[in-house]
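Here, each number is a calculation from the coordinates, and none is a lab measurement. Since this is a predicted model, take the numbers as computed values, not measurements. Here Cβ is always computed from backbone atoms with ideal geometry, including for glycine, and neighbour counts include all displayed protein chains.
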Amino acid sequence: MKNYETTTRVITILNYMGALRNFIDPRKHRFKFICSWIWNTLLIVVLSVSSIHAQIEDGKYHIVYNIESVTYVFQYITYVLGYISIVIIGLYQSKNVSALIKQIDKVDEHLKKLGIEIDYRSLHRHITIIGSFWLLNAVVESAVFIKILIQNLLLPWTALIVFIYCYITNAQSIVLYEYNTTIYWLGSRIKMINELLETFLLEKDKVKAEDSNTETIFEPSHNVRNRFELNNWLSERSLNVPEVSTTSGVSNVKQKIVQEKVHMLRQIRFVHLQVCKVSRMVNDIFNAQILIYTITTLLYFTICVYNLYMTLHRGSNAVKDQLDIILIYMLDSVVGTLKIVLMSYDCEYTIGQANKTIGNIHAYPVHEGNAELTDEILHFSWQISYTQLEKTKSVDYILNYGFVRYCFNFVISYLVIMVQWSQNLIKNGPILITNETTTLYENTSIVV
């Protein structure tokens with residue numbers, strides 16, 4: 001893997017298939033660009049028309065219009081509209097995503113100039129593990145759905161609704177997959193910056209100096225010698241200084257080392273600024289898409305649990321008749337929710353690395369250091385403060401463990417309200433709904 005773009009090639013292909021991105025340049029590949037937009041438009045139109053038509057046709061067979069059925073229809077419409085919104089936003093942000101990938105590769109080039117060995121195997125391994133987990137879920141859902149079709153357990157339009165649910169859940173997860181990959185990259189690069197700071201700033205170097213007629217040695221830490229190519233920034237003379245006979249000679253060597261530290265710190269500060277630029281671009285690109293995905297997925301999970309409760313309330317026969325449907329809905333919604341939790345883990349790790357950078361800067365004893373080095377440290381601190389201020393302006397929410405706990409509290413509260421409402425309706429007695437051929441009751445079960 002030579003760069004970020006080639007490492008994430010599988011995500012690019014999935015984006016094309018799901019009509020979530022369009023990276024084709026119309027000036028260079030006009031025919032491919034036209035074909036791609038035809039596919040994108042066709043997919044959106046077919047999905048929209050099929051969703052509406054399937055719901056109308058399915059409603060003809062299930063004509064009970066009560067609180068439960070209205071809730072299911074509302075959730076279905078919200079889910080479809082959420083996915084269409086994600087697709088439209090994704091196509092609009094395609095150009096910005098291309099710029100993001102170029103910026104990421106540019107940051108990696110700067111890190112290579114600092115002597116850091118960029119290994120994309122870790123990123124590729126992360127992509128493979130996450131992708132395998134999501135692929136396994138899609139395969140299991142497909143197997144259950146094929147079983148339902150073979151056994152002819154559902155009406156055609158109801159089966160189409162189930163298929164649309166499963167397709168949307170897996171297709172919009174591609175955006176989450178892409179976002180998770182960029183967050184993982186951010187965490188790993190900030191970790192590299194922290195290792196540089198710990199090595200060249202926090203006195204993990206070893207400098208031994210005594211008075212006249214002694215040997216002065218500057219030794220980088222063992223970890224740095226193994227990982228970094230120091231000859232880009234540290235001269236051979238500073239790595240192994242011969243015997244020095246005067247105090248002024250020792251001072252010159254120390255000054256040389258300090259100057260090298262200042263020079264290195266400026267380069268680190270520049271790379272840190274470029275990483276912060278990537279972070280802002282990620283927020284601007286994925287902010288709305290991830291928020292829509294989170295809201296629709298949590299709503300989907302809530303309604304599925306509510307449907308499970310109502311099915312259990314109707315008795316064991318209802319559960320037996322709808323076991324496969326319950327399985328595919330619960331698997332779809334639970335895994336979709338777990339993806340949010342998994343993403344928050346990588347976000348927490350990246351936030352922790354960013355906080356560690358702040359700690360490394362604050363840990364430097366500015367009152368004991370060189371004036372030029374102290375000035376560079378202060379500039380680094382101001383830069384971090386400015387980037388934090390910019391982050392608060394561009395981010396509407398922070399996807400960490402606190403956000404996940406808040407979401408689950410919302411799901412539980414909303415679910416309790418729905419269950420209590422349904423119990424009150426059932427307790428008050430059934431409401432008779434009649435037409436020329438059918439007599440139905442309020443608490444009659446429906447199939448979603």
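Placing R0 at 41 angstrom, the Cβ-Cβ distance between Asp321 and Val139 gives a FRET efficiency of 0.95 after rounding to 0.05. Extension gain, Ser413-Ile150: 0.36 nm per intervening residue step, less the Cα-Cα distance, totals 90.8 nm. Between Asn283 and Tyr309, take the C-beta separation as r, use R0 = 41 Å, and let me know the FRET efficiency to the nearest 0.05. About 0.65, to the nearest 0.05.
What pairs from Lys2/Lys102; Lys277/Lys339; Lys147/Lys320; Lys106/Lys339; Lys113/Lys256; Lys2/Lys106 go past 23 Å between their alpha carbons? As for pairs spanning more than 23 Å Cα to Cα, those are Lys277/Lys339; Lys106/Lys339. Charge tally around Thr7: other residues with Cβ under 12 Å, Lys/Arg +1 each, Asp/Glu -1 each, net 0. Counting charges near Asp105 (Lys, Arg +1; Asp, Glu -1) among other residues having Cβ under 11 Å from its Cβ returns a value of +1. Each peptide in 357-364, 326-333 was scored by the mean count of other Cβ atoms within 10 Å over its residues; highest first, the order is 326-333, 357-364. For Asn22, the residues whose amide H sits under 5 Å from its own are Ser94, ignoring neighbours fewer than 5 places away on the same chain, with H placed 1.01 Å from N. With a Förster radius of 45 Å applied to the beta-carbon distance between Met330 and Ser94, the computed FRET efficiency rounds to 0.85. Segment Val73..Arg405, full-extension length gain: 116.8 nm, with 0.36 nm per residue of separation and the alpha-carbon distance subtracted. Coupling constants for segment 279-289 follow from the phi torsions by the Karplus curve (6.51 cos²θ - 1.76 cosθ + 1.60, θ = phi - 60°), and in residue order they are 4, 5, 4, 4, 4, 5, 6, 9, 3, 5, 5 Hz; glycine and proline get x. Distances between placed amide hydrogens fall under 5 Å for Ile116 paired with Glu229, all partners being 5 or more residues away or on another chain.
Electrostatic bookkeeping for Asp324 treats Lys and Arg as +1 and Asp and Glu as -1; over the other residues with beta carbon under 14 Å from its beta carbon, the sum is -1.
Using a simple spin-label model with pseudo-atoms 7 Å out from Cα toward Cβ, Thr6 and Arg121 lie 1.6 nm apart.
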